[in-house]
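Here is the structure we will look at, set down as structure tokens.
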């Protein structure tokens, strides 16, 4: 029999929110949009763009309405070929495309969750479709030599790495395994070697005889090398530090890696910002002798950049190392000689560098950056090329479009993903002469691009004077006295853009914001402090998050700005967001129900304390900790929506998948309970078996339809 608590919560959740009087109609309802939400969510999303080592071919994953498939092309092709023919919206990812040395096969991983979330405690792979058969993470191979070749399952595992000799190594349950590239009877997978740590970051030597790996030991990690079953594993300069990012020299005689100090077992006091320095070392593989090549200054600006991708480290031609650092307040590329010495800035300017790839000859690098010659490029991405000779970077793309995820091809060609304010993501190639060629998969045919609005870059001051930027979505000829909605992104190390986003989660949000604008809302997507794209100081402000939620003042400033936008009804402003954006949505409704009249909270944090206990290993009985930690926990709770829940009056829709591996599901369970106790109106949409970033298109559609419906009922006139 269900408990009284669950019964009361369910009763409130199913009560029609129309009973909670909506705001009075102040204007006639807007004209209906010319496209449906399902249509605008039918955009293609491109990921995993990868070139072969020789650069003569490349492949990518296209997700169209939840159906993921791999496409392939030669460097000179104008027409791509579809390699896989999956047909179900089953939530099984396709990732980690890996070409065989001769380019005749392509490996990929099917299944799993590769979004840097917590590993599942039960070690189960995500199964968002509720399939009665347990989902697995598997490595598959498909031939590139013929047309219509069916993919072949190789092994159960993840993180495939192919040697120049064609030997496959991969990770399974934290150990390194190997399997032949066939599914024949004599190709049974087997563990390649035993290591006491949790292994990953596999990297074969150029001649294919040795495998470097990271052995994670919890409070430290080693760089290990495996040569054969007859030889012991070798650990390079083992220490109490964290060693990661193994990179081989072109001749295979040396191995570079990154070293970071271990913080030890004591949790870091998040009320105080401290430096997180890093250094690069090089080991002589034959002797094991190591030397430090470069180390960052022991300052906040010398800390390892915390962006939305892995930190790059490249061994370039002429024995130069290239890496990313932000010692001048911006994430930039630096080069240093492998013998050591001063690091040289390659990409000067007030912008951030992302998506770095070396050319096939290792003499130049191609990257994306939020800069260019077009107005407002700080909220876009364009491609650039830079060499190691000290010359200024070369602009490869420009304009009001956005370009990212370059893949270096032969003869100086580049494959990349491009999009625009209206046009969703597609794959292009760029010749050295600057000629761009679209690789058309047919996925954008009949897409309602022409009906979408072009968002406008706006800025406004926060309460403390900091300049905040955002994108304003408003339909041309929109009616007066429109309701308005603020969108707050997650991360928080993200930046929303003046067009389709390079992350799938925010492509979905962009489509929803476009539909809300078509429905008669004015939408403001806010790039609050803590986000990327505006420098390190902006990304790492004082008193943010659990240390005081200083970023919330930017959300309030956005609402105040919206109230003054011509045509916006200042009394009908809502808010929605996911993850960290869900946290800020909860904070807005708890602190300022007078300003925010309704909200949609996707898997947000309602109480920092349990999250910090999991993330930073706080003592379970934290009240027995030091006075500093008591003060820290008190500050974290005060920065939580739960601290002001008694003031929460505005209705909210809570959305959460119960297999979330990023924000604990019980955050929503407890929030719903507290709202029910004080009779605050709420609805909930719980999606069984879904993870944090929903894997199924059908689940996104269900959640997005609920979001639009909820905001429309609460903020638009009722007929």
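Every read-out reported here was derived from the displayed coordinates using simple, explicitly stated rules and does not represent laboratory data. Because the structure is predicted, anything quoted here is derived from the model rather than measured. Glycine gets a Cβ as well: all are built from the backbone with ideal geometry, and neighbour counts include every protein chain shown.
What the table shows:
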quantity	calculated
Helix 697-715 axis, angle to the chain major axis (alpha carbon atoms, nearest 10°)	30
Residue order, fewest to most beta carbons within 10 Å, for 591, 481	481, 591
Overall Cα dimensions of the chain - principal axes, largest extent first, Å	76, 63, 56
Order of 363, 68 under a 10 Å beta carbon neighbour criterion, fewest first	363, 68
Efficiency of FRET from Cβ geometry, residue 114 and residue 543, R₀ 30 Å, rounded to 0.05	0.35
Angle in degrees between helix 580-591 and the longest Cα principal axis of the chain, rounded to the nearest 10	20
Value of [θ]222 nm, deg cm²/dmol, for the chain, DSSP H segments ≥ 4, -39500 (n - 2.57) each, nearest 500	-4500 deg cm²/dmol
Taking all pairs of distinct alpha-carbon atoms in the range 446-495, Kirkwood radius in angstrom	13.7
For the range 453-715, convex hull volume per residue from C-alpha positions, Å³	123
Rounded if a/c under 1.5, otherwise prolate or oblate - the range 224-364, Cα gyration tensor axes	oblate
Förster radius 60 Å - calculated FRET efficiency between residue 394 and residue 188, Cβ distance, rounded to 0.05	0.75
Folded to 0 to 90 degrees: helix 627-638 orientation relative to the chain principal axis, Cα	50
Neighbour-count ranking [beta-carbon atoms within 10 angstrom, fewest first] of 575, 486, 691	691, 486, 575
The range 111-232 shape via C-alpha gyration tensor axes, a/c threshold 1.5	oblate
Virtual spin-label span in nm between residue 219 and residue 300, 7 Å along Cα→Cβ	2.8
Extended-chain gain in nm, criterion 0.36 nm per residue less alpha-carbon gap, residue 445 and residue 229	72.4 nm
Normalised convex hull volume, the range 335-409, alpha-carbon set, Å³ per residue	92
Separation of the residue 339 and residue 571 label points, Cα + 7 Å toward Cβ, nm	7.6
For the range 481-563, diffusion coefficient by Stokes-Einstein and Kirkwood Rh (Cα), 25 °C, 0.890 mPa s, µm²/s	180
Inter-label distance, nm, simple model (7 Å from Cα along the C-beta direction), residue 123/residue 39	4.9
Between the range 243-257 and the range 406-447, the Cα center-to-center distance that results, in Å	32
Rounded, prolate or oblate (a/c below 1.5 giving rounded, otherwise prolate when a/b exceeds b/c) for the range 294-426 by Cα gyration tensor	oblate
